[in-house]
Structures are given as C-alpha cells and as structure tokens.
Amino acid sequence: MRIFSILFISILFVQLLWSQNLVPNPSFEQYKRRPTAMLDEGLEFTRAVPAWVSPNRASSDFITPRFRSSKVQVMPPHDGKNMVGIVIQGAHWAEYASVKLKQPLEVGKKYYVEFWISAPPFYNKNATGTPLFNDHFGMLFDKRLYFTNTKIIQKKPQIIAHSGTHLAPTQWKKINGTFIANNAFTHIYIGQFLDKNNPENIIEGYFFVDDIFVEKIEKEAEQFEPSKTYQIKGKVASIVMENIYFETDKYDLLPESFQELDKLVKIMKSHRSMTINIQGHTDSQGGKDHNQILSENRANSVYDYLVQQGISKNRLSHEGRGLSQPIAENTTDKGRQKNRRVEFLTNTQDTVGQGVILADLAYPFSKNIARQPSKLINIGKDERHMDCAPINPPTVEITKEYQKLVKSFGQYKPLAARNFVLEKTKNATVVHLQTDVLHPEQQFFILELLEKLYEQGFRYIGFENIKKIATIEQLGYPTFGNGKQFEQPVFGEIIRQGHRMGFHFFSLTPTEKETSKALNILKKQRFHFQNQPQKQAAQKWASAMNINRILRKNKDAKVLLLSHDVDEVQNGMPSTLAFWLKKLAQQEVLSIGQSSTYIPCAKSQSPLSKKMKITRPTIFQKRKIILVPLRYDDNDQVYRSQDMHVYHPKNTFEHNRPAFLFSNQKRKAFTLNIDKYKMGYPCLVFAY
C-alpha cells in the first residue's frame, strides 16, 4: 500500500531497532571491589571495575553506596547504584575512564554515542561553579593506549561536549553525537584531552560519569523543524537574537539594536501565548557588583523597549546575570564582545526530560483504554486468547433488509477504497470524511489521501473538538492542549503533513458564542427541531455557516471535513451539516463513512462483517449501488445516510492499540532516545 511508503519517509520515528550497546558494564553496576574512599592510582580502579581501566597512572574513582570522602560531596548516580569519578587538574593530572568495546567498530559505519556527566557542588572545599566545556572534552575512540604518567593525553576526541556550554552542579547532562568510523577502533576513553594549539583550554574540577552508550546506527529518522523562529531545547526555547548593542559600560540601547528587537516583537505578536525572560550578561571587565547592576539595567532597557512596542508586561520578565555565564573567553576583545549580550528564554509546556520521551507522554490517549477494564484485559492479545466474557457485542438489528443484504453480499465487488474515493472527490467541493480517535486506521487512510486531495484543489481542513486553532495555524503542529483529537498521534501527523503541503485548518466545532447565536436564529425562524436537542441543531447550523464563509470568501475553495458523524440524513434529527450547506451555500456534500470489519471475539462478529474478508481499505459496489450501513426511519424503512463507506480489514489488537504498551495486563513504559535519531521537539511516534 502506498500509505506506508509515505509514512516511512515523513514521520519522525518508524521503528525502534534495539541494537547492541558495544560498551561492557556501561553503568558500572558490576564490580569486583567496592572502595570506600578515593583511589590513589589507576591500577586500583582497574582492579575494582570489571572491563574498565585507567589508561594512565592517574586514579579515577569508583563510587558506590559505600564511598565516603570529605573532599567531594557525592550525589545520586544517573542510573543504578554506581558511577565513576574523574579529576582534571590541568595538564599535569588528568583522569580517564577507558574500556575495550565488545567488538571493533566497522570502518565506514555510523555510530551513535552518549554518556552522562555531572559535578558535585563542592570539591576540596571549593565551590564547583559552572564549568565551561571545550571541544577537547568528550569520548575518544582509539586502539589500546597506556601511559606511565598522570599527564593529559594529547588527542582529539570524536565525540565532544558543545564548546561554550556550562555544566550545572548536581544536574546530569548528556554528551552525545554521531560519527563515521574511519578505523576499526577497539577502545574508548572519556575525559579531557589536550589541544596542542590551545594548551590552556582545559576544564578543571571533579566530575561524575555514568551510562556510557555506543551503538551502530541501523536506521535514521528525518529531522522535523518545529519552527524557523525558535528552537525548543529541553524545557526552554531559546530565541537567538544578534546585533543587540550597548556601548561599553553603558546600558542605553544603540539604534542598531532596534531592527533586531523588532523581529522579536513580530514573533511575540504572532505567538500570543509566548512569554519571554530577558537575561542581561556582561564581560569580566569591572567589579562583580558593578557588572551585576549593569546587566540588570541592560535587561531592563530591552524590557522597556518591548513594552513600548505593545508587548504586555505580564508576558515579560527580566534579570541580570552579570559575568556569571560567559559564552566565550574573556581574555580577548572578541570573546568579551560575545559575552556582552542579552539572551531571551521562553518557557514551554514541554515536560519531557533531556533527550528522553516516556511512552506515557507519547501516548497519553492510552489512558482512555486504561479506564475501560473490559478492553484493557485484551490489549495485545491474539484473538484466540481474548477474554470475551466482558465484551458486549454491538447490537445488529436483523431485519428483512439486513438478511437480504447478507444473502446478496456475494454480488458486491470489493474495490480499492483509495482510488475509488479519489475519483469521486475530483468533482466535489465539500468532502466529509468520518474518523474517530479510537480507530487510527481511519486517520492513516486520510493520510494516504491527503497529497492527492491537495492536488485536486483542496486547501482547507476542518476538525471537530479542536482548541487553539491559531496555535496550529502558526506552528504547523498540534500540542496537547489542542483538544482530545490530538491525544492520538496520527491526528498530529495529519496536521504536520497538511501544513507542509499548504492546507489551512479551522475548527468544525463552533464556539459557545456562535452556538448561542445560531440557536436564537433557528428559534426566530421557527425551525422544527423534532427529536433533536436544540443545542446540537444549533451547532450544525453554526458549523455550516463557518464553512459557508470560507466558500464565499474563496469561490474556488475546496474543503475537507473530518468528524465522527458524517450522516447526511438522521432520523428525527433534521439539522445536519449536509442539510444546511445545501440550504445556505447550495453545495452538495460528499459524505464518506469509515468503519472496521473487525470486532473482537467471534460471537461479536455481525453476519455481514464475517463475509468481508478483505486485506485493504475497501468499498463494496454492486452495479451502481455502493454499500453503506443500513439506517431505518420511524416506519422501519431503509434510507441512505452516506454517499459511500470505507471498510477496513481485520486487526487482532483491540482498537489497533500497540501491543507493547501493555504486558501481562499491566502497562509497560518504554523510553525513546530521540538524540540517537537526531530528532527535534515536538517528537511524534507511530507504533502501528
């Protein structure tokens, strides 16, 4: 099916390939000895930790729950109970952790590498501060190396920390990256290495190391850029603004800064929910207290300018950081110029940890199933092993018409739904497609149609139960606050792909104000509601009016509507989208229903669904008659409520839920390392 070729190209993550970690004893949980104090030489470390060695005479520390030292304040390991401590005290003393890989690297292959690092708040009674990384701190791949001294090793590591970034004490930071092996390297070395061109470029202090990971990359993902205006990193999005100038030792904005700040104003006016924290920084010239005040005043100058340009004060905060967070060396004019800066941070709703997304976050919609014990017990089970007792089969009214349909079903020809639907949509202006959050196969079918619908001239997509439509229009992707539809990831992919193609999105569900206004109009017109709730009838009218406005504004507009109910005619309920669009806009609606042929447990299968032995989304047609679900009026007469209906093939999982979310009737969370696949936030995962 073509749908899979599309998805495999466009989604951020398709399949987790659990390759082998080439690092033995990667989190130091195996041990031969558990030292109670700092070690005096490298040989002691080698004797304590299986597989790991110290490549010189310097003494790396093996830190376990038994470890005690008055020199260093121990913190919890990143994972497990143990970790390694290394000391770097300049070129004369540098400790390393080294291990022989389980197998040599393959020349020409790409590898993903990561390890975690942290620092204690104090070492030797001195505050650690926030050490600044350099491009010679990281992981070296090489042959077996051993040095009979304690000096720093003169090599360039393949995996390095981002130069100029800080390490906050007691917080674990991931250092990661990828590289292509140009040699069959057998060993890794973690620590500070000597830059012969800049021998003073050394990070000094005491550092904890844990969870080392090296893996050959078998599958890569496509990078998705959430926005051109700002990039999300962890819990904070940083907006990069250049060319904001102050005179030395002054805080008045220079005119050259206004153009750059106006860009920020434009971003904030386009993103009404965005809040900004303005941080002022200085170089090291001048006293500490003076620089602190200067940085506060500079941040305040930017704050005042943004307020003058119409940005609300409650969306802004500002603070001075003084000289505490340099991004470059203060020994040169160029470095000091970089440090005299203003940074802008915007808090996000992102709750994920650094580089890791839990399955519970990627699939919050699975909670809907967790609240339904009758469905929960069968998650991930093959049909042959399902517990059918709690499952209430859907009621199928076996009327004469139904029996007649079952008997004549062999005369219906199964047709590929995709081609059939696209042939019909060519001449349609408004297409109403049924979809439901509990049936992701229906959204996959919509994804399969999306590109062709765009080629046919469709430019608008309406969703029901959607919130914050402006956010979707601006960002091009949904967030968790956009409504219950987007608690299921496939809806998000419809937004992403549609946005890339050029679709515009709107809410099919009217606001309370629009509904109230519509109800008053219907009452004035003495509309006969029959058995239909008045609010529901008003919502249908208001929805139709919103669509009509699009059609009136653009005479060539073609609109795709996605909702759970596409029936054009409903017994006792005269107010439908199709009814009002025909009345208000003189537009016929092409209504397309969707349903699965599979209902769990044999006793729950309807006589008709048992006959639908299909392997792809299918339309059934007998001569010119298209099979749709039977509907009956008050006189038990059959009427057609839809133009066509897509039937989806059987699936052995309840509601097509991924089996791995549940194990032995209990949910089991998996972690996805997005750094390994070079993914960006927000991260969308498919697991079908």
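A few points about this structure:
- One decimal place: the segment residue 106-residue 315 gains 70.0 nm when fully extended, by the rule 0.36 nm per residue minus the C-alpha distance.
- Legend: residue pairs 313/334; 400/613; 424/582, Cα-Cα distance threshold 26 Å; pairs beyond threshold, 313/334.
- Taking amide H positions as modeled 1.01 Å from N, with prolines and chain starts lacking one, the residues under 5 Å from residue 559 and 5 or more places away or on another chain are 430, 431.
- What the Cβ-Cβ distance of residue 269 and residue 553 gives, at R0 = 22 Å and to the nearest 0.05, is a FRET efficiency of 0.40.
- Cα→Cβ-extended label distance, 7 Å offset, between residue 168 and residue 332, nm: 2.9 nm
- Extension gain, residue 633-residue 184: 0.36 nm per intervening residue step, less the Cα-Cα distance, totals 154.1 nm.
- Each of residue 500 and residue 546 was given a label point 7 Å from its Cα along the Cα-to-Cβ line. The distance between the two points is 2.7 nm.
- Least to most buried among 290, 499, 439 (fewest other Cβ within 10 Å first): 290, 499, 439
- Placing a pseudo-label 7 Å from each Cα along the Cα-to-Cβ vector at residue 277 and residue 614 gives an inter-label distance of 5.4 nm.
- Were the residues from residue 586 through residue 218 laid out at 0.36 nm apart, the gain over their Cα-Cα distance would be 127.0 nm.
- For the residue pairs 555/624; 109/173; 269/468, the alpha carbons lie more than 24 Å apart in 555/624; 109/173.
- If R0 equals 22 Å, the separation of the Cβ atoms of residue 531 and residue 401 corresponds to a calculated FRET efficiency of about 0.45.
Read-outs throughout are calculated quantities, based only on the coordinates presented, and are distinct from any laboratory measurement. Keep in mind it's a predicted model, so treat the numbers as computed, not measured. Note that each Cβ is placed from the backbone with ideal geometry, even for glycine, and that neighbours are counted across all protein chains shown.
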